1. When the accessible area of the chain is split by element with a 1.4 Å probe, what percent falls to carbon and sulfur?
2. Using amide H atoms built in the peptide plane, which far-off residues or other-chain residues are under 5 Å from Arg98 H to H?
3. Quick one: which residues, 5+ away or cross-chain, put their amide H under 5 Å from the amide H of Gly126? H built at 1.01 Å from N.
4. If I histogram all Cα-Cα distances within the chain using bins 10 Å wide from 0, what percent of pairs lands in each bin?
5. With an 8 Å cut-off on Cα pairs and a minimum separation of 6 or more residues, tell me the relative contact order of the chain in percent.
6. About its Cα centre, what dipole magnitude does the chain give when the only charges are +1 on Lys and Arg Cβ and -1 on Asp and Glu Cβ, stated in debye to the nearest 20?
7. With a probe of 1.4 Å, find how much accessible area the range 105-165 has per residue, and write the answer as a whole number in Å².
8. What translational diffusion coefficient, to the nearest whole µm²/s, does the range 81-127 have by Stokes-Einstein, given a Kirkwood radius computed over alpha-carbon pairs, a temperature of 4 °C and 1.567 mPa s viscosity?
Amino acid sequence: PPLGSDDPHQGVDLAQVQNGISLSGLPVQAVLEGQVALVVSGRFPYGNAVLVETSLDSLPSAWLEGLDLPSIPAAPQASNALTCPTPDPLPEWDPERRSLYLLYAHMLEPPSLQPGDLVSCGRVVGAIGGSGNALNPHLHLEVRVGPAGARFPGMAHYDTSAKPEEMTAYCQWRVSGSFVHIDPLLLFSQPRP
């Protein structure tokens, strides 16, 4: 989707299908090592989710070239009709450094991880499920590049129970232009270090 748009679909859905049915309960493993930036428990649209930050400094230079990352955050190109409360206080992210953020969503159970936890590559972060806005069990994976050190208190939208700080975080993540969408499949196509 264009930068600044909340049009679906902003990630990739991964599932294992057997006899025409998506399987639930299979482990979800971290693609990269990093630090937990957000844990979401049963909130719409992501359901049970975890967001992991990986510093760009820790990635091989060939990967950075292959991912074709934008050099600076860009202004959103699309207008959106979301209700986006103003952050209060303003986030204290590091605009001088950037990180890659991977969001694992629609998991079966609320994540047992906590913000600040370190995650190794291959660590199980949850199980495939159908929480949030999911019609069938699958893993929804979003990848974005944004300012280092971003932490969110929660994330929700499109639900009357969404708190202003959850809606603000959703808007910052999806439409602010601070976090630029990267095709997750590009990450999987990079050469092994």
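1. 52 percent
2. Amide H to amide H, under 5 Å and 5 or more residues apart or across chains, Arg98 pairs with Leu56, Ala148.
3. It is Val28, by chain and number.
4. 9, 37, 39, 14, 1, 0
5. The normalised contact order for the chain reaches 34 percent.
6. 260 debye
7. With all protein chains present, the range 105-165 gives 45 Å² per residue.
8. 90 µm²/s
The values are calculated or read from the model by the stated rules, or taken from the named source; none is laboratory data. This one's a predicted model, so the numbers in the text were calculated from it and none came from an experiment. All Cβ positions, glycine included, derive from the backbone under ideal geometry; neighbour counts span all protein chains shown. For accessibility, only protein heavy atoms count, side chains too; no ligands or nucleic acids. Shrake-Rupley method; radii C 1.70, N 1.55, O 1.52, S 1.80 Å.
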